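Beneath this line is the structure, given in structure tokens, with notes to follow.
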Amino acid sequence: MFASTMNLNKTLSYLKRYWVLYVMLILPIAFFITFRYIPMHYILIAFKKYSIVQSPWEMAWADNNGMQYFIQAFNNRDFLYALRNTLMLNLLDLIFGFPAPIILALILNELVFKRFKRFTQTVVYLPHFLSWIIISGMALQLLAPTNGLVNILLNRMGYSSIPFLNDPAWWVATYVALGIWQSVGWNTIIYLAAITGINPELYEAASVDGAGRFRKIWHVTLPGLRPTIIVLLILSLGHILSSEFDRPYALSNKLVTEVSNVISIFVYNYGIRGLNFSLSTAVGLFQSVVCVIFLFAANALAKRFGERGIW
Amino acid sequence: MVKTRSAKIGDWVVVFLCVIMIIVCLVPVLNIAARSLSSADALIRNEVLLWPKGWNLDAYTTVLGDSKYTWSLTWTAILTVICTVWSLFMTILCAYPLIYDLKGKKFFVGLILFTMYFNAGTIPMYLLLKELHLLNNPLVLIIPNCLSVFYVIILRSFLYTIPDSLRESAEIDGAGPLRILVNVYLPLSTPVLATLALFYAVGRWNGFSDALMFMNDRKYYPIQLLLYNILNSINSIEVATQEGFTTPGLSETIKAATVMFATVPILFVYPWLQRYFIAGVTLGAVKG
């Protein structure tokens with residue numbers, strides 16, 4: 001009895017002191033519940049026959065034990081293309097885009113002129129702040145077959161014009177290149193921060209042992225970056241099936257849809273424009289689930305190799 | 001330490017590589033600026049590279065004289081300010097209580113973090129917004145994405161770096177959590193708040209997919225979506241007739257000028273915040 005009044009008093013004084021904090025949390029938590037959790041109940045329609053007048057709970061189950069729309073998706077040519085394109089573009093981004101900021105960070109780190117280094121950093125961060133619409137606008141003008149800067153220069157050097165944005169194969173290359181252009185500078189920030197955390201005595205010791213620039217990069221800087229590289233690699237592997245919307249949508253055009261339609265664009269076309277809610281929700285759910293699995297798998301893999309992982 | 005000759009050459013090779021990088025980053029912006037300032041004829045004759053030919057401001061005066069553009073720019077500016085203020089407010093509300101050892105903190109943190117790994121997807125969001133009567137409502141561009149888990153993590157990590165002793169001494173003086181937030185924590189976190197404001201503002205200024213999916217009312221199109229529609233009209237002659245211009249070349253310079261209008265505000269803001277956002281990004285990466 002006595003103990004419980006003590007507890008009650010403690011709780012009361014605790015609440016008296018901290019109730020404001022709970023009040024503060026009301027709005028954010030309400031936001032997460034409303035806009036992140038409540039939408040989840042609509043996932044049910046991936047397994048049900050969509051009906052505009054019923055709630056997702058009431059709708060009738062789809063055929064084939066509710067799996068009708070998943071079967072339909074995997075028999076849909078557009079979806080299979082979208083799946084292939086998502087994997088292909090993300091894989092190319094990983095192969096070419098992942099090492100790029102590491103290399104640039106190593107170069108920036110070797111710069112001895114401090115003010116020039118700052119200026120370079122400011123400039124290479126710039127593309128990160130441009131929207132994909134703007135980048136696409138610049139690319140359209142810069143890479144235009146007849147009057148774009150790049151093709152004018154190619155023509156003047158005696159080469160014929162390249163259809164950077166109008167030929168599927170060239171479009172893929174341009175997509176990856178523009179992705180690197182946009183993000184390479186920004187992604188150096190994390191690596192540069194990790195480099196400053198490397199013990200300078202290691203460099204001195206390496207110098208004493210007669211190591212040159214490249215040996216210091218190879219034996220000191222890169223090992224120092226290893227944990228950062230692993231964590232970021234896990235995150236990218238986890239996102240191998242996630243698809244951006246802005247970038248492929250802004251860069252795409254009618255001539256290249258066979259390579260530019262990714263899953264997010266498929267969902268937009270079939271769901272919001274085509275009103276196939278059940279099918280596009282099924283596709284979205286498939287994507288989300290695979291993403292979560294990949295993320296956990298990549299993390300487990302990293303731990304197995306003795307790295308820290310992201311959790 | 002005295003440098004050897006090969007080390008010095010190496011230093012200049014590094015400078016050379018950086019200069020190439022700078023050129024690669026700046027050329028597209030310079031090219032578009034040059035196009036926007038050139039005469040339509042020079043553009044058609046492919047004479048414009050990085051420096052304007054036939055200097056004139058026609059494209060800019062046309063854009064500024066067209067209420068469609070000026071309204072879209074104004075609306076996007078208003079939207080950006082509202083979104084930034086509201087998002088920042090929500091982020092503080094979310095991050096600050098979670099640095100205390102609250103009862104139920106684990107639950108709240110779990111609830112928030114889970115949404116980073118799994119989300120319902122586009123269509124469920126669309127159906128929810130429809131249910132809430134937010135489709136085609138200007139609020140749809142503000143509310144559904146006003147809070148980013150990642151930025152909450154950044155802010156919370158920063159607040160954790162402020163020593164507890166400051167808070168404890170304020171508590172001894174009788175200050176409540178709200179007072180401590182306003183008088184101790186917020187003044188100390190201006191750098192990270194500036195960074196988050198920049199991220200939220202740039203996100204809204206550059207965003208268009210939410211408007212594309214959830215907004216059919218052309219009046220509320222943000223500048224990026226308007227720009228997309230202009231840039232992707234099938235060819236310049238068609239745009240020219242649609243927009244009522246007689247010379248097709250002019251529409252090309254106008255495209256360039258519109259891109260400039262959408263770009264320049266960002267060019268003026270981000271370099272000043274560079275020192276801060278580097279700290280912000282690093283903080284999020286280490287503790288996230």
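On the principal axes of its Cα set, how long, how wide and how thick is chain B? Give whole Å, largest value first.
Answer, in whole Å and largest first: 74, 71, 34 Å.
Quick one: what do you get for the protein assembly as shown if you divide its Cα Rg by 2.2 N^0.38 Å?
Ratio of Cα Rg to 2.2 N^0.38 Å: 1.06.
Taking the alpha-carbon distance from B:Lys68 and a cut-off under 17 Å, which aspartates and glutamates remain once sequence neighbours fewer than 8 residues away in the same chain are dropped?
Once the sequence-local aspartates and glutamates are set aside, what remains near B:Lys68 is B:Asp58, B:Asp217, B:Glu243.
Of B:Tyr160, B:Tyr117, B:Tyr96, which has the largest mean-square fluctuation in a 10 Å C-alpha GNM of chain B?
Top of the fluctuation ranking is B:Tyr117.
Long-range amide H contacts for A:Lys48: which residues qualify at under 5 Å (H placed 1.01 Å from N, peptide plane, sequence gap of 5 or more or a different chain)?
Here A:Ala62 satisfy the definition.
Which entries in A:Lys114/B:Lys8; A:Lys10/B:Lys103; A:Lys16/B:Lys106 show an alpha-carbon gap greater than 19 Å?
A:Lys16/B:Lys106
Considering the alpha-carbon set of the stretch B:56-99 alone, what are its Rg and its Dmax in angstrom?
17.7, 56
Quick check: the distance between the Cα centres of the stretch A:283-301 and the stretch B:34-95, to the nearest angstrom?
Cα centroid to Cα centroid, the span is 39 Å.
Have a look at A:Leu232, A:Leu279, A:Leu83 and tell me which one the Gaussian network model of chain A (Cα, springs below 10 Å) gives the largest fluctuation.
A:Leu232
Anything in chain A that counts as a DSSP H helix reaching 24 Å or more along its axis (C-alpha) with Kyte-Doolittle mean of at least -1.0? List them, would you?
A:2-32, A:168-196, A:277-304
Take every residue in peptide B:108-121, count the Cβ atoms of other chains within 10 Å of its Cβ, and give the average of those counts.
Partner-chain Cβ atoms within 10 Å, mean over residues of B:108-121: 6.
Please build a GNM for chain A, connecting alpha carbons under 10 Å apart, and tell me which residue among A:Gly238, A:Gly66, A:Gly179 fluctuates the most.
A:Gly66
Dipole of the stretch A:7-98 (Lys/Arg Cβ +1, Asp/Glu Cβ -1, origin at the Cα centre): which of A:Tyr42, A:Leu94, A:Leu27 lies farthest to the positive side?
Ranked along the dipole, the leading option is A:Leu27.
Quickly estimate the mean residue ellipticity at 222 nm for chain A, helices only: each DSSP H run with n ≥ 4 gives -39500 (n - 2.57), and the total goes over all residues, rounded to 500.
Per the formula, -20500 deg cm²/dmol.
Give the order of B:Leu79, B:Leu227, B:Leu135 when sorted by the count of other beta carbons within 10 angstrom, beginning with the fewest.
Fewest-to-most ranking of B:Leu79, B:Leu227, B:Leu135: B:Leu135, B:Leu79, B:Leu227.
Efficiency by 1/(1 + (r/R0)^6): what FRET value for B:Thr74 and B:Asp41, r their Cβ-Cβ distance, R0 = 30 Å, to the nearest 0.05?
After rounding to 0.05, the efficiency reads 0.40.
Please give the calculated 222 nm ellipticity per residue for chain B, where each DSSP H segment of at least 4 residues contributes -39500 (n - 2.57) and the sum is spread over every residue; nearest 500 deg cm²/dmol?
Computed ellipticity for chain B at 222 nm equals -22000 deg cm²/dmol.
Hey, got the dipole for chain B? About the Cα centre, +1 on K and R Cβ, -1 on D and E Cβ, debye to the nearest 20?
With only Lys, Arg, Asp and Glu charged at Cβ, the dipole is about 640 debye.
Efficiency by 1/(1 + (r/R0)^6): what FRET value for A:Ala173 and A:Phe296, r their Cβ-Cβ distance, R0 = 22 Å, to the nearest 0.05?
Here the calculated transfer efficiency is 0.10.
What do you get when you divide the Cα radius of gyration of the stretch B:5-44 by 2.2 N^0.38 Å, with N the number of residues?
Scaled against compact globular proteins, the figure is 1.87.
Give, in nm to one decimal, the length gained when the segment between B:Asn137 and B:Ser67 is fully stretched (0.36 nm per residue of separation minus the Cα-Cα distance).
23.1 nm
Other chains' Cβ within 10 Å of A:136-144 residues: what's the mean?
6
How tilted is helix B:190-206 with respect to the longest principal axis of chain B? Cα atoms for both, answer in degrees (0 to 90, nearest 10).
On a 0 to 90 degree scale, this one is about 40.
Relative to the first principal axis of the alpha-carbon coordinates of chain B, what is the inclination of helix B:274-287, with its axis defined by its Cα atoms, in degrees from 0 to 90 and to the nearest 10?
50 degrees
Can you figure out the FRET efficiency of B:Asn232 with A:Thr122, using R₀ = 35 Å and their beta-carbon distance, to the nearest 0.05?
That gives a FRET efficiency of 0.65.
log₁₀ I(q)/I(0) of chain A at q = 0.15, 0.16 Å⁻¹, via Debye over equal Cα point scatterers, no solvent, to two decimals?
So the normalised log intensities are -1.26, -1.32.
Counting partner chain Cβ atoms within 10 Å of every residue's Cβ in A:146-154, what's the average?
Going residue by residue through A:146-154 and averaging, the value is 4.
Under 25 Å Cα-Cα from A:Lys254, which lysines qualify once same-chain neighbours fewer than 8 residues away are excluded?
Partners found: B:Lys255.
Quick note: the coordinates plus some simple rules give every number you see, no bench work behind them. No experiment lies behind these values; they were computed from the predicted model shown. FYI the Cβ positions are ideal-geometry reconstructions off the backbone, even for glycines, and counts take in every protein chain you see.
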